[in-house]
Amino acid sequence: MRVFVLFALLLSIAVGPAAADDGLPPPVASGRERLVTVVPADKAAELDGLFARLAVAKDRAEAAGIEADIRRRWAASGSATGDLMLSWTEKAVAAGDAAGALDILDELTVRQPAFAEAYYRRGTLHLLAGRLSPALGDFQTVLRIEPRHFLAMKDLAVLLEDIDQHDRALEVLRRLQGIDPNFEGLDAAIEAIVAGSHGRDI
């Protein structure tokens with residue numbers, strides 16, 4: 001599953017039936033259970049069009065270009081201050097200062113609580129550091145705000161695989177497949193779970 005590399009929702013919403021006990025403490029309540037995107041209508045229409053194209057992209061190269069367009073839109077906070085703070089996190093990560101990046105992202109989620117990209121980037125930092133419960137909480141929040149966030153879905157599947165929730169990881173990947181069938185490494189990741197299902201109840 002590690003070949004399905006990290007980039008850097010409630011599970012019942014993300015993957016169907018209520019989740020079994022996965023050994024993790026529940027994410028700390030954020031008070032953001034009803035968060036919805038605040039993307040302006042015209043920008044939302046642009047995203048809808050890009051996702052429609054993504055679903056029918058003919059190959060990986062075409063899909064990659066559309067994904068990049070979508071990611072650029074996701075990275076736009078709608079605020080000059082928010083955009084600046086996000087750029088600071090990128091510089092902090094590049095300098096090896098993950099703690100500094102987390103501090104900035106914490107502040108950014110407070111300032112702009114419906115900015116999905118801030119939660120996504122914070123979640124990836126938690127996941128890379130092995131902090132699974134806060135990573136899970138951030139990916140859940142991302143997917144409440146933007147249910148089509150293919151990167152958050154991919155990383156959520158990685159997390160679920162790490163805690164041996166193979167069936168749920170597979171369901172997340174199947175959902176991702178419906179959004180972005182040419183996502184890099186997706187077919188191999190699905191095949192790996194299916195191939196390893198012998199002797200497991202999936």
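One table, with the values for the structure above:
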quantity	calculated
Candidates 150, 139, filtered to the one that is touching a Gly at 6+ places or on another chain (Cβ under 6 Å) and surrounded by 14 or more Cβ atoms within 10 Å (Cβ to Cβ)	139
Any pair with Cβ under 6 angstrom, 6 or more apart, that starts in the stretch 51-62 at a residue that is under 18 Å from residue 175 (Cα atoms) and ends at one that is outside any helix (DSSP H, G or I) and of a type in the set (Lys, Arg)	51/148
Index of the failed condition, residue 24 passing every other in (1) surrounded by 12 or more Cβ atoms within 10 Å (Cβ to Cβ); (2) closer than 30 Å to residue 164 by Cα; (3) at pLDDT 60 or above	(3)
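Rundown of residues vs (1) part of a helix (DSSP H, G or I); (2) within 21 Å of residue 156 (Cα to Cα); (3) modelled with pLDDT of 95 or more; (4) of a type in the set (A, V, I, L, M, F, W, C), yes/no style:
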| site | (1), (2), (3), (4) |
| --- | --- |
| 54 | yes, yes, yes, yes |
| 65 | yes, no, yes, no |
| 78 | no, no, no, no |
| 86 | yes, no, yes, yes |
| 108 | yes, no, yes, yes |
| 123 | yes, yes, yes, no |
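The values are calculated or read from the model by the stated rules, or taken from the named source; none is laboratory data. In this text, all values refer to a predicted model and were calculated from it rather than measured experimentally. Note that we place each Cβ from the backbone using ideal geometry, even for glycine, and neighbour counts take in every protein chain shown.
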